[in-house]
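**Q** Take this structure, written in structure tokens, and hold onto it; I'll ask about it next.
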Amino acid sequence: MPRWALFIPLVAAVVLLATLMTPVGAVLAAICTVVLIGAVVAAVHHAEVIAHYTGEPFGTLVLAVAITVIEVALIVSMMISGGSAKSELPRDTVYSAIMIICNGVVGLCLLVGGWRHHEQAFRIEGTSSPLACLIALATLSLVLPAFTTSAPGLMYTGPQLAFASVASLVLWAVFVFVQTVRHRDYFLPRDNGLDPHVHAPPPSRRLAWASFALLIVSLAAVVGLAKALAPTIERAMAAVGAPGTLIGIAIALLVLLPETWAALRAAHANRLQTSLNLALGSALASIGLTIPAVSLVSVGLDIPLVLGLEAKDLVLLTLTFVVGAITLGTGRTTVLQGAVHVVLFAAFLFLAFVP
């Protein structure tokens, strides 16, 4: 194991402890930012070690689930501390995660891979089914609350919230079963015969377990430092008059940094299937685990939970899924598809600042 891969997670843990004991001023915020970036790089390194030990698609699943679990813990802790003032935070974070993954991450991967390799192939059977699952989950969790009539505004009633939570867990569990057991071959790279990453000697079990422990430390540090930086980000946004929804976008961007970097590295190495496994798996885990958790907190602590999207966001979400279905329905991609998704991501960010 490289020394930096062992050293950086430990430093990140120490800095995270420092943020818990002292107020985060300008100097400490700058240190947190630098260390957070280092923790992202370390997390990706350890995730790739685990992925090479377990084989695809288990490695990408480990990274996606680990990040999502810690993301859920971050959202829940902010809901508990903020109460009704954070009633829209889960919606904003989940919606932002979908837009960042489906447009930002996928678009950049297609651009990087298309620019370097001209054209990249992937398995349609390994992308169409998770995309269909993602569309169903997003509609049940974020779209329908804007149209139901049993509860006022953009909210679900208790029974409706329970149904959406159970449906989210069931669909995510079935996806994991299909990805790892029943149809694992659907999610393996199509053309990997010359991929040195696949045929390199696998790490030892001891090294894999060490990387797993350091991956958890790195991801905990990423999310913890992101939470520590959240007040600074909120003050900066308030100073420039930015909308409150940008808090959810900022949290999603920070938390998804490890997966984004891992997906870009895979696309650059002509392993686009791995990139898409990471992207779609992360989006599914973000909804499948976050919605049940925040629903439980909302009901248990009597905190209002706003899940329905506004009209502008509904249009962007629909456009994203339509374009995504076309992009992932061909089996091959070029820089053009990547450019389309990046433009949609830019539109999402622009309209967040200028609604």
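The values are calculated or read from the model by the stated rules, or taken from the named source; none is laboratory data. Just so we're clear, the structure is a prediction, and the values are computed from it rather than from any experiment. Neighbour counts are summed over all protein chains in view; Cβ atoms, including those assigned to glycine, are modelled from backbone coordinates with ideal geometry.
**Q** Here is a list: 15, 44, 11, 34. Which entry is within 16 Å of residue 230 (Cα to Cα), β-branched (Val, Ile, Thr) and touching a residue at least 24 places away in the same chain (Cβ under 8 Å)?
**A** Values: 44 fails: within 16 Å of residue 230 (Cα to Cα); 11 fails: within 16 Å of residue 230 (Cα to Cα); 34 fails: touching a residue at least 24 places away in the same chain (Cβ under 8 Å).
Matching residue, one of 15, 44, 11, 34: 15.
**Q** One residue is enough: does region 150-158 have a residue meeting the conditions closer than 14 Å to residue 287 by Cβ, in contact (Cβ under 8 Å) with a residue 60 or more places away in the chain and assigned to a helix (DSSP H, G or I)?
**A** Taking region 150-158 and keeping what is closer than 14 Å to residue 287 by Cβ, we get none.
No.
**Q** Quick check on my filter: what residues within region 215-247 are among the β-branched types (Val, Ile, Thr), over 20 Å from residue 21 (Cα atoms) and in a helix (DSSP H, G or I)? First the steps, then the outcome.
**A** To start, the set of residues in region 215-247 that are among the β-branched types (Val, Ile, Thr) comprises 216-217, 222-223, 232-233, 240, 245, 247.
Of the ones still in play, those that are also over 20 Å from residue 21 (Cα atoms) are 216, 240, 245, 247.
Hits for region 215-247 are 216, 247.
**Q** Can we say residue 31 is under 24 Å from residue 288 (Cβ atoms) and either touching a strand residue (DSSP E or B) at 6+ places or on another chain (Cβ under 6 Å) or at pLDDT 75 or above (or both)?
**A** Details: under 24 Å from residue 288 (Cβ atoms): no; either touching a strand residue (DSSP E or B) at 6+ places or on another chain (Cβ under 6 Å) or at pLDDT 75 or above (or both): yes.
Taking the combined requirement at face value, the residue does not satisfy it.
**Q** Could you check how many residues of region 82-108 are over 17 Å from residue 252 (Cβ atoms) and either among the charged types (D, E, K, R) or in contact (Cβ under 8 Å) with a residue 12 or more places away in the chain (or both)?
**A** 3
**Q** Next up: Return yes when residue 239 is touching a residue at least 24 places away in the same chain (Cβ under 8 Å), at negative phi and among the aliphatic types (A, V, I, L, M) and no when it is not. Write out each step before concluding.
**A** Values: touching a residue at least 24 places away in the same chain (Cβ under 8 Å): no; at negative phi: yes; among the aliphatic types (A, V, I, L, M): yes.
Answer is no for this residue.
**Q** Filter region 123-138 down to residues that are crowded, with 22+ Cβ neighbours inside 10 Å and either without any contact (Cβ under 8 Å) to a residue 60 or more places away in the chain or of a type in the set (Ser, Thr, Tyr) (or both), then give me how many there are.
**A** Result for region 123-138: 1.
**Q** Still on this structure, please answer the following. Looking at 79, 99 in this structure, which one is touching a Lys or Arg at 6+ places or on another chain (Cβ under 7 Å), of a type in the set (A, V, I, L, M, F, W, C), closer than 29 Å to residue 301 by Cβ and in a helix (DSSP H, G or I)? Working first, answer last.
**A** On the way: 99 fails: touching a Lys or Arg at 6+ places or on another chain (Cβ under 7 Å).
Going through 79, 99 in turn, the sole match is 79.
**Q** In addition: Has region 271-282 got any residue that is touching a Phe, Trp or Tyr at 6+ places or on another chain (Cβ under 6 Å), within 24 Å of residue 39 (Cβ to Cβ) and in contact (Cβ under 8 Å) with a residue 24 or more places away in the chain?
**A** yes
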